[in-house]
Every structure is written in structure tokens, then in C-alpha cells.
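Student: Let me give you the structure first, and then I'll get to my questions.
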Amino acid sequence: MPRFSANLSMLYTDLPFMERFAAAANDGFEAIEYVGAYDQDRQAVAALLQQHNLTQALFNLPAGDWGAGERGIACHPDRVEEFRQGVETAIAYAQATACMQINCLAGIAPASHDRAALEQVLIDNLAYAAPRLAEAGIKLLLEPINPRDIPGFLVNSTDDFERIAEAVGHDNVHLQYDFYHMQVVQGDLLPTFERLQSRIAHVQIADHPGRNEPGTGEINYRNICKALDEAGYDGWVGAEYKPLAGTSAGLGWFNEWRTRA
């Protein structure tokens with residue numbers, strides 16, 4: 001049975017952030033994830049998780065100024081020290097919330113640098129973060145994101161992930177496999193998942209086109225969830241989509257998988 005995590009950066013956005021934990025639990029989610037909660041006291045976040053019996057499935061390394069459009073800093077040559085400080089901050093939040101995996105957003109490529117140079121910055125940063133997180137018992141993830149939703153994003157495909165992870169050369173670099181992004185970029189969703197399953201630590205879902213609820217587009221999520229079960233995938237499945245008509249009202253897709261009353 002797939003285990004689902006509510007992405008609080010995209011779901012329940014009509015509520016203040018700290019009220020979304022209760023909403024997710026009330027709707028039957030067993031875990032939550034989000035871009036980051038670095039503007040919140042980490043002990044307060046931990047208390048909400050405990051209060052609502054929720055698992056912190058995932059969050060991202062500090063990703064720069066999100067409100068200003070930044071989507072990660074790991075490929076930015078002039079922000080290496082900021083990245084490294086962010087690793088330490090993320091570890092502190094992960095330890096407070098018992099989170100066992102942290103995702104790295106590579107970032108939007110600065111126009112003034114060539115791709116090879118930016119990939120090398122990313123590789124060097126991952127080579128720093130991977131052992132540091134491993135020491136803390138935390139998995140480091142890298143997520144490919146389609147360049148249509150985030151133009152200029154450096155890491156777009158599973159091929160990108162494999163090339164970069166090989167260059168890092170550390171076994172604590174895992175793949176975050178978002179079925180929506182991969183449908184936009186490359187398709188072949190289940191064969192690619194099966195080929196890379198041993199390297200996948202977390203998956204996320206949204207339908208395509210529109211990035212809305214499962215069942216609103218072309219991706220057959222019933223088949224995908226069945227395939228995840230048959231493959232023995234035991235990680236979380238992050239519900240990271242834009243609700244069409246409110247989060248709770250659009251959870252019909254979730255009914256057959258819901259385990260919490």
C-alpha cells in the first residue's frame with residue numbers, strides 16, 4: 001500500500017503554514033513535506049508533528065530567496081559558502097523533526113556561466129553535502145525538474161541525475177523521482193522508475209497537463225501506485241500538486257489509498 005505525504009507548500013495554501021499540519025492529518029495523510037520551514041522555530045514544527053502523529057518525510061536544503069524566484073543555489077558559483085551553511089541549518093531542522101532525507105534543488109543556471117562550469121559547482125557542493133548528511137544519518141536527494149515549469153533549471157532529467165551522481169562518487173546521493181516532471185521531460189515513467197529504483201529515495205505525484213490532482217490528466221496513477229507496490233517501493237509518495245478546487249475537496253483520488261481514518 002503506497003504511503004502518502006502531503007506537500008504543505010502546495011496543498012492547504014488557504015491556511016497559514018502552521019495550520020496545514022492539522023488539515024493534512026484530518027484528511028488522512030500520515031506524513032508531510034514542504035519546500036522548507038526555515039522561517040519557523042524548528043521545535044515548534046516538531047511539536048506539531050508529534051501533536052498530529054505525522055512523519056516529516058522530506059524538505060529541501062535552503063533554496064535561496066523563494067519569493068524572489070530563486071529555486072536553489074547549489075549550482076551558483078558565488079554562493080558556495082551560503083550552500084554549506086545551509087547544509088548545517090538543514091541538519092539541525094532534520095534532527096529536530098526526525099526527518100531522514102533532505103532534497104537538494106540545483107537552482108536556475110546563471111546566464112553568465114557555461115553549463116559545464118555550473119555542473120562542476122553542483123558536483124562539488126553535493127560532494128560536500130553527501131558525507132556530511134550521511135554522518136547525521138540523513139539521505140541526500142537530488143531532484144530533476146522540467147525546464148518548462150522552471151525555465152533554466154540546471155537538472156532536468158534522470159540522465160542528468162545519473163551523470164552528476166557518478167561524478168560526485170558518493171553513495172549518499174539519491175534520486176527524487178517526480179512523476180509529473182518526468183512525464184514532461186522524458187515520459188517512459190514506469191520503466192525508468194524500475195531501472196533506477198535502487199537509487200530512488202522519494203517519489204512525488206501530480207497529473208499532467210496542469211500539475212493538478214491525480215485523475216485530472218493523462219497519467220494513470222492507479223497503475224503507477226499498483227506498480228510501486230509490486231516493485232516493493234516502501235518510501236513516501238509526495239502529493240505535490242496544485243488543487244483545482246481546494247485541497248480537501250479534491251482528494252477523491254486518495255480514497256482508495258487512505259489508511260488513516
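The values are calculated or read from the model by the stated rules, or taken from the named source; none is laboratory data. From a predicted model like this one, the values you see are computed outputs, not experimental measurements. With ideal geometry, Cβ positions are generated from the backbone for all residues, glycine too; neighbour counts draw on all protein chains shown. The protein model used for the area step is the full one, side chains on, heavy atoms only, and it has no ligands, DNA or RNA in it. Shrake-Rupley method; radii C 1.70, N 1.55, O 1.52, S 1.80 Å.
Student: Starting from residues that are touching a residue at least 12 places away in the same chain (Cβ under 8 Å) and in a helix (DSSP H, G or I), keep the ones in region 1-25 and report whichever is most open to solvent (accessible area, probe 1.4 Å).
Tutor: The extreme case among them is Met18.
Student: Evaluate the following for Gly67: is it closer than 26 Å to Leu118 by Cα, small (Gly, Ala, Ser) and touching a residue at least 12 places away in the same chain (Cβ under 8 Å)?
Tutor: no
Student: Another one. Could you check region 89-142 and list, in sequence order, the residues that are open to solvent by less than 30 Å² (accessible area, probe 1.4 Å), in a strand (DSSP E or B) and not hydrophobic (A, V, I, L, M, F, W, C)?
Tutor: Within region 89-142, Gln101, Asn103 meet the criteria.
Student: While we're here: Look through region 105-137, keep the residues that are among the charged types (D, E, K, R) and in contact (Cβ under 8 Å) with a residue 40 or more places away in the chain, and return whichever of them is farthest from Ala94 (Cα to Cα).
Tutor: For region 105-137, the residue satisfying everything is Glu119.
Student: Could you say whether any residue in region 75-93 is polar (S, T, N, Q) and closer than 26 Å to Thr13 by Cα?
Tutor: yes
Student: If you go through region 23-45 one residue at a time, how many are under 19 Å from Gly238 (Cα atoms) and more than 16 Å from the chain's Cα centre (by Cα)?
Tutor: Total satisfying the criteria: 9.
Student: Checking Leu105 against (1) under 18 Å from the mean Cα position of the chain (by Cα); (2) aliphatic (A, V, I, L, M); (3) more than 25 Å from Gln56 (Cβ to Cβ), which single condition isn't satisfied?
Tutor: The failed condition is (3).
Student: Considering every residue within region 65-84, establish whether at least one is closer than 27 Å to Gln50 by Cα and not in a loop (DSSP other than H, G, I, E, B).
Tutor: Checked region 65-84: no residue is closer than 27 Å to Gln50 by Cα and not in a loop (DSSP other than H, G, I, E, B).
Student: Please pick out the residue among Ile102, Ile138 that is of a type in the set (Val, Ile, Thr) and within 28 Å of Gly187 (Cα to Cα).
Tutor: When all the criteria are applied, what remains is Ile102.
Student: Something else about it: Which of the following residues is more than 17 Å from the chain's Cα centre (by Cα) and under 26 Å from Ala130 (Cα atoms): Glu194, Glu240?
Tutor: Glu194
Student: Here is a list: Tyr233, Tyr221, Tyr241. Which entry is farther than 21 Å from Pro147 by Cβ and touching a Gly at 6+ places or on another chain (Cβ under 9 Å)?
Tutor: Exactly one residue qualifies, and that residue is Tyr221.
Student: In this structure, does Arg84 turn out to be exposed (fewer than 15 other Cβ atoms within 10 Å of the Cβ) and either touching a residue at least 40 places away in the same chain (Cβ under 8 Å) or of a type in the set (Val, Ile, Thr) (or both)?
Tutor: Yes, satisfied.
Student: On to the next question. Does Ala111 satisfy the condition of being more than 17 Å from Gly238 (Cβ to Cβ), aliphatic (A, V, I, L, M) and at pLDDT below 95?
Tutor: Judged against the criteria, Ala111 is a match.
Student: Considering each residue of region 49-64, count those that are open to solvent by less than 50 Å² (accessible area, probe 1.4 Å) and either at pLDDT below 95 or assigned to a strand (DSSP E or B) (or both), and give that number. Steps first, please.
Tutor: Taking region 49-64 as the starting set, the residues that turn out to be open to solvent by less than 50 Å² (accessible area, probe 1.4 Å) are 49, 52, 54, 56-64.
Okay, now just the ones that are also either at pLDDT below 95 or assigned to a strand (DSSP E or B) (or both), so 56-60.
Looking only at that region, the number is 5.
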